[in-house]
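Notes for the one structure printed next.
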Amino acid sequence: PIYKSSPDPSVFAVVEWWQLRREGVYSPMSKSNSVDSKKMSWGKKLLVALVAAAVLVVILFFVLTSGAFIKGVVLPKAGQSMHAEIRATDVSLSLFSQVILRDLTVRTTGTEPLLSVSEAKIRYGLMDILKGHIRVDEISLVSPRVQIVKETNGTSNLDPLLQGQTKKEGASKALQLA
């Protein structure tokens, strides 16, 4: 305004800057700092992406280790590979050391379950599993009940498990008990 007639352009620039700042129009992220604002926006984007990834990992951890996920996904997949139906009323998982299954039943054919257990505890080493070695340290069963039913035609409720095992014999390692 008044200072436009000033012969020195630097004075005009300083006065204009001061007026804009006082009016709240000027911000450190305005035209003069456009290169820095791009860097900060990438930095902010990277930070948001890292925080989102961390939150996703935490959520996945809790979902994948929940009893509902194990009962709804893991047990049916295991049962499918064994040609049986595996159910448990409660599952408790300690990711690094053990899984506890309560009221576990394994049913193949017929009305009676092949195996029913009030509690099954399986202790394992997670690091061995991550390395590709399935190592089970302990399996303890509380009140196990095994019912092998032989039908009049010569088949039994154990046959689906045995048939699944003979198909996989050539491709898998033998079970080793220590």
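Worth pointing out:
- In order along segment 136-150, the Karplus-derived 3J(HN,Hα) couplings, from 6.51 cos²θ - 1.76 cosθ + 1.60 at θ = phi - 60°, round to 9, 7, 7, 10, 10, 10, 9, 6, x, 9, 10, 10, 9, 10, 9 Hz, and Gly and Pro are given as x.
- Karplus-derived 3J(HN,Hα) values for segment 57-72, using 6.51 cos²θ - 1.76 cosθ + 1.60 with θ = phi - 60°, are 5, 5, 5, 4, 4, 5, 5, 6, 9, 7, x, 5, 5, 5, 5, x Hz; glycine and proline are entered as x.
- Computed from backbone phi, the HN-Hα couplings of segment 101-107 come to 10, 9, 6, 7, 10, 10, 10 Hz, rounded to whole numbers (Karplus: 6.51 cos²θ - 1.76 cosθ + 1.60, θ = phi - 60°; Gly and Pro given as x).
Laboratory data are not the source of any read-out in this text; all were calculated from the coordinates shown. From a predicted model like this one, the values you see are computed outputs, not experimental measurements.
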